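Here is the structure we will look at, set down as structure tokens.
The values are calculated or read from the model by the stated rules, or taken from the named source; none is laboratory data. Model, not experiment: these values are computed from the prediction. Cβ placement follows ideal geometry from the backbone for every residue including glycine, while neighbour counts extend to all protein chains displayed. Side chains included, ligands, DNA and RNA excluded: accessible areas come from the protein's heavy atoms. Shrake-Rupley method; radii C 1.70, N 1.55, O 1.52, S 1.80 Å.
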Amino acid sequence: MQDLIRAVRKAASQAMLAKDVLKDAGFQAAKTAQDVLDAREARQVAADTATQVQALSTQGIAAVVTRCLGAVFGEEYVFEVRFVRKAGRTEAELVFIQGGEEIDKLNGLPGGVVDVSAFALRLACIIMSPGLRRLVVLDEPFQRINGAKYRRRVAQLLEDLAEELDFQFIIVTGTEEYRVGTVIDL
């Protein structure tokens, strides 16, 4: 009978211990479930923040490029950055709009528009990178701009940007209209 009492007490003790372990496991499971919910919420906050930063960045980039295109070619062109999902990844698509119609980037853009856009994209990168010196060194950056009227507009754009945004441009060129600011003949 003593053996039976000892066995019952041992079983009761093990049952109490198992109950405590189960209770701790329940608390741990609840904490883990809360941690999972918190991680999902944090991931969503990060994704929302990234989307907002992406939107603000693309608006800033588009504004710089559109402004430069407008300064040279008039209100004729609008530039946008669109994000598309391809093969499970997000890619930026550069879009040019003329007169409300999207232009084929490969065949429909005049070389001068490409030159001004490339220049403006460089500026946008520098503007969005705090701490970088606002110095741009270019070799014949606007070589495909045709017409003295457009070249004069480019020169005016360079002067305006240098003053407004505190940029310094060093341009190697043989085009007379771009000889603005301090000119050094070599």
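Structure values in brief
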{"read-out": "Given (1) under 30 Å from residue 173 (Cβ atoms); (2) open to solvent by 70 Å² or more (accessible area, probe 1.4 Å), index of the condition residue 41 fails", "value": "(1)"}
{"read-out": "Residue pairs meeting the criteria (Cβ under 8 Å; at least 6 apart or on separate chains; first closer than 17 Å to residue 120 by Cβ and without any contact (Cβ under 8 Å) to a residue 24 or more places away in the chain, in segment 157-186; second open to solvent by less than 80 Å² (accessible area, probe 1.4 Å) and assigned to a loop (DSSP other than H, G, I, E, B))", "value": "158/180; 158/181; 159/180; 159/181; 162/181"}
{"read-out": "Top-ranked residue in segment 104-121 [being part of a loop (DSSP other than H, G, I, E, B) and free of Cβ contacts under 8 Å to residues at least 24 places away in the same chain; ranked as nearest to residue 69 (Cα to Cα)]", "value": "109"}
{"read-out": "Residue identified as out of contact with any Ser or Thr (no Cβ under 9 Å at 6 or more places or on another chain), part of a helix (DSSP H, G or I), touching a residue at least 12 places away in the same chain (Cβ under 8 Å) and of a type in the set (S, T, N, Q) among 32, 58", "value": "58"}
{"read-out": "Residue tally, condition under 24 Å from residue 78 (Cβ atoms), touching a helix residue (DSSP H, G or I) at 6+ places or on another chain (Cβ under 8 Å) and open to solvent by 50 Å² or more (accessible area, probe 1.4 Å), over segment 122-142", "value": "2"}
{"read-out": "Count of segment 122-138 residues which are farther than 20 Å from residue 62 by Cα and part of a strand (DSSP E or B)", "value": "3"}
{"read-out": "Within segment 139-159, tally of residues that are closer than 17 Å to residue 118 by Cα and either β-branched (Val, Ile, Thr) or in a helix (DSSP H, G or I) (or both)", "value": "8"}
{"read-out": "Any hit, segment 102-118, residues being exposed (fewer than 10 other Cβ atoms within 10 Å of the Cβ), at pLDDT below 90 and more than 24 Å from residue 55 (Cα to Cα)", "value": "yes"}
{"read-out": "Search result, residues across segment 77-94 that are charged (D, E, K, R) and touching a residue at least 12 places away in the same chain (Cβ under 8 Å)", "value": "80, 82, 93"}
{"read-out": "Filter result for residue 93 (within 28 Å of residue 136 (Cα to Cα), open to solvent by 70 Å² or more (accessible area, probe 1.4 Å) and not basic (Lys, Arg))", "value": "no"}
{"read-out": "Residue among 65, 72 that is touching a Phe, Trp or Tyr at 6+ places or on another chain (Cβ under 7 Å), hydrophobic (A, V, I, L, M, F, W, C), modelled with pLDDT of 85 or more and under 30 Å from residue 90 (Cβ atoms)", "value": "65"}
{"read-out": "Single match in 8, 72, 53 (criterion: open to solvent by 50 Å² or more (accessible area, probe 1.4 Å), in a helix (DSSP H, G or I) and within 30 Å of residue 126 (Cβ to Cβ))", "value": "53"}
{"read-out": "Among residues of segment 160-186, those that are outside any loop (DSSP other than H, G, I, E, B) and either more than 20 Å from residue 66 (Cβ to Cβ) or open to solvent by less than 80 Å² (accessible area, probe 1.4 Å) (or both), counted", "value": "12"}
{"read-out": "Residue 33 vs. criteria closer than 22 Å to residue 122 by Cα, aliphatic (A, V, I, L, M) and surrounded by 10 or more Cβ atoms within 10 Å (Cβ to Cβ)", "value": "no"}
